């Protein structure tokens, strides 16, 4: 393909045009749109396997309050847990097992990983106001369980959870290992004679109002509060080691939960996948905790009229107007659904994807890029012209497909996750169509 020819032809098409926003994205149906909280939706779509078409592209996207997709990239291994934190965007890079931090100019400014040889896990990251951050990892350890239980496997592989905190200079200042602070024999449902034991499945990290740490262990349906100084367990809510009396909850607690968060009112909000409920049902639930008398009082919950059950993933976010945004995770129906409800449990927003996709976590935030969103504007001069096409051509010829977020948005105009001559063709066609 003659790239110079593409540039010359395009020069006669236009030398200075502002390109309208046309973004290739998944189709979704707006079931309800009745005055939801006005903010952008930050979402990462994963694809179900299809026996006929194979996997669909994965997208990182921002959907505005008018429910238009205003920022989209074909993300590939990037993007899980796309969210706003401390005026930055964080998301996970599966290829490199690292968290990527991006600023308001669409520039990747940092890469964060675990220390001490652990592979960084994708389930959550918390960026702190002081510039520090918390992340997690798993560790597979070989244990002679017969030393703690007569029937235990003499050479079992046990998966434990690691929580690490770093300061603003990336110095490791706190490390917590579940094996050092919890007793696996207290988990009476675990078969200690097995050769492989998936003991921990951490899926959220939260800084509590007293600066200690709250984590979620999905596999055991438990929420654990840790002392941030010495790592000791302060309390456990839910599961086999529950220390609370649960009040006003017909299901007597949550099951296989995600996204545990402390609210401004002091209550605990989480997404209850409800896989083990009878019958299974997913809910967003809010508990009022009395950590002196050790009670957890269910004060609010919501399950969808369609009876959705999130087999995995899922999230719940309390918004500034007290609405709750709920992502129903991976549904058996192989559809992605995002719902917003008010405090009276009225649905004010209900989005259903028509493609077979699902979402890990979905959030709303008023954050916006401090740069234009013009596709193909590679030199950021607020227009698309021969210079931009030349830059794309030079980039393709000299550097190949640099697939960071900036290039995926500005250069990959046809959203095929390749930066090549087809992007020049697409850009020229888009200009001609104006």
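The residues on offer are 276, 355, 301, and the sole one that is within 25 Å of residue 123 (Cα to Cα), at pLDDT 95 or above and surrounded by 16 or more Cβ atoms within 10 Å (Cβ to Cβ) is 301. Does the stretch 204-214 include one or more residues that are over 18 Å from residue 128 (Cα atoms), buried (at least 18 other Cβ atoms within 10 Å of the Cβ) and at pLDDT 95 or above? Checking the stretch 204-214: not a single residue is over 18 Å from residue 128 (Cα atoms), buried (at least 18 other Cβ atoms within 10 Å of the Cβ) and at pLDDT 95 or above. Contact annotation: residue pairs with Cβ atoms under 6 Å, 6 or more positions apart or on different chains, pairing a residue in the stretch 413-434 that is within 14 Å of residue 395 (Cα to Cα) with a partner that is modelled with pLDDT of 85 or more and part of a loop (DSSP other than H, G, I, E, B), are 413/375; 413/376; 419/411; 419/412; 422/414; 423/413; 423/414.
Can you pull out the strands (runs of 3 or more DSSP E) entirely within the stretch 106-201 that have at least 2 residues that are crowded, with 17+ Cβ neighbours inside 10 Å and touching a residue at least 60 places away in the same chain (Cβ under 8 Å)? Full working, then the answer.
Values: elements: 108-112, 133-143, 156-166, 172-177, 196-198.
Filter on the stretch 106-201 gives 133-143, 156-166.
Among the residues making up the stretch 304-325, those that are surrounded by 21 or more Cβ atoms within 10 Å (Cβ to Cβ), part of a loop (DSSP other than H, G, I, E, B) and touching a residue at least 40 places away in the same chain (Cβ under 8 Å) are 313, 314.
Kindly check whether there is at least one residue in the stretch 17-36 that is under 18 Å from the mean Cα position of the chain (by Cα), modelled with pLDDT of 95 or more and not in a strand (DSSP E or B). Checked against the condition, which is being under 18 Å from the mean Cα position of the chain (by Cα), modelled with pLDDT of 95 or more and not in a strand (DSSP E or B), the stretch 17-36 yields no hits at all.
Against the condition crowded, with 19+ Cβ neighbours inside 10 Å, modelled with pLDDT under 50 and more than 18 Å from the chain's Cα centre (by Cα), how does residue 10 come out, does it pass? Here the answer is yes, as residue 10 does meet what is asked.
Do we find that residue 283 is within 23 Å of residue 202 (Cβ to Cβ), under 21 Å from the mean Cα position of the chain (by Cα) and surrounded by fewer than 22 Cβ atoms within 10 Å (Cβ to Cβ) in this structure? Full working, then the answer.
Values: within 23 Å of residue 202 (Cβ to Cβ): yes; under 21 Å from the mean Cα position of the chain (by Cα): yes; surrounded by fewer than 22 Cβ atoms within 10 Å (Cβ to Cβ): no.
No.
Going by the structure shown, is residue 407 in contact (Cβ under 8 Å) with a residue 12 or more places away in the chain, surrounded by fewer than 22 Cβ atoms within 10 Å (Cβ to Cβ) and closer than 30 Å to residue 322 by Cβ?
Values: in contact (Cβ under 8 Å) with a residue 12 or more places away in the chain: yes; surrounded by fewer than 22 Cβ atoms within 10 Å (Cβ to Cβ): yes; closer than 30 Å to residue 322 by Cβ: no.
No.
Among the residues of the stretch 289-298, those that are part of a strand (DSSP E or B) and surrounded by fewer than 17 Cβ atoms within 10 Å (Cβ to Cβ) comprise 290, 295, 297.
Scan the stretch 365-391 for residues that are within 25 Å of residue 41 (Cβ to Cβ) and either in contact (Cβ under 8 Å) with a residue 12 or more places away in the chain or in contact with a helix residue (DSSP H, G or I) (Cβ under 7 Å, 6 or more places away or on another chain) (or both) and the total you get is 12. Looking at the structure I just gave you, is residue 284 assigned to a loop (DSSP other than H, G, I, E, B), over 23 Å from residue 134 (Cα atoms) and without any contact (Cβ under 8 Å) to a residue 60 or more places away in the chain? Considered against the rule, which asks whether it is assigned to a loop (DSSP other than H, G, I, E, B), over 23 Å from residue 134 (Cα atoms) and without any contact (Cβ under 8 Å) to a residue 60 or more places away in the chain, residue 284 comes out as no. For the stretch 239-266, the set of residues classified as crowded, with 17+ Cβ neighbours inside 10 Å, in a loop (DSSP other than H, G, I, E, B) and in contact with a helix residue (DSSP H, G or I) (Cβ under 8 Å, 6 or more places away or on another chain) consists of 239, 241, 256, 257, listed by residue number.
In the stretch 37-54, which residue that is modelled with pLDDT of 90 or more and in a strand (DSSP E or B) is farthest from the chain's Cα centre (by Cα)?
Quick first cut of the stretch 37-54, residues modelled with pLDDT of 90 or more only: 37-46.
Next, from what is left, pick out any that are in a strand (DSSP E or B): 40-46.
On the way: 40: 15, 41: 12, 42: 9, 43: 8, 44: 7, 45: 10, 46: 11 Å.
Filtering first and then ranking leaves 40.
Taken over the stretch 223-256, the residue count meeting the criterion of being within 20 Å of the chain's Cα centre (by Cα) and under 23 Å from residue 174 (Cβ atoms) is 1. Among residues of the stretch 326-352 that are on the phi > 0 side of the Ramachandran plot and crowded, with 18+ Cβ neighbours inside 10 Å, those with a beta-carbon under 7 Å from a residue that is modelled with pLDDT of 95 or more and assigned to a loop (DSSP other than H, G, I, E, B) at least six positions away or on a different chain give the pairs 329/273; 329/313; 329/314.
To keep it simple, each residue is scored yes or no on (1) touching a strand residue (DSSP E or B) at 6+ places or on another chain (Cβ under 9 Å); (2) modelled with pLDDT of 95 or more; (3) over 18 Å from residue 331 (Cα atoms); (4) part of a loop (DSSP other than H, G, I, E, B).
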site	(1), (2), (3), (4)
350	yes, yes, no, no
361	yes, yes, no, yes
364	yes, yes, yes, no
369	yes, yes, yes, yes
375	yes, no, yes, yes
378	yes, no, yes, yes
387	no, no, yes, no
390	no, no, yes, no
393	no, no, yes, no
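Apart from one condition, residue 334 fits all of (1) at pLDDT 95 or above; (2) within 27 Å of residue 82 (Cβ to Cβ); the exception is (1).
The values are calculated or read from the model by the stated rules, or taken from the named source; none is laboratory data. What you see is a predicted model, and the numbers here were worked out from it, not measured in a lab. Note: ideal-geometry Cβ built from the backbone for every residue, glycine included; neighbour counts use all protein chains shown.
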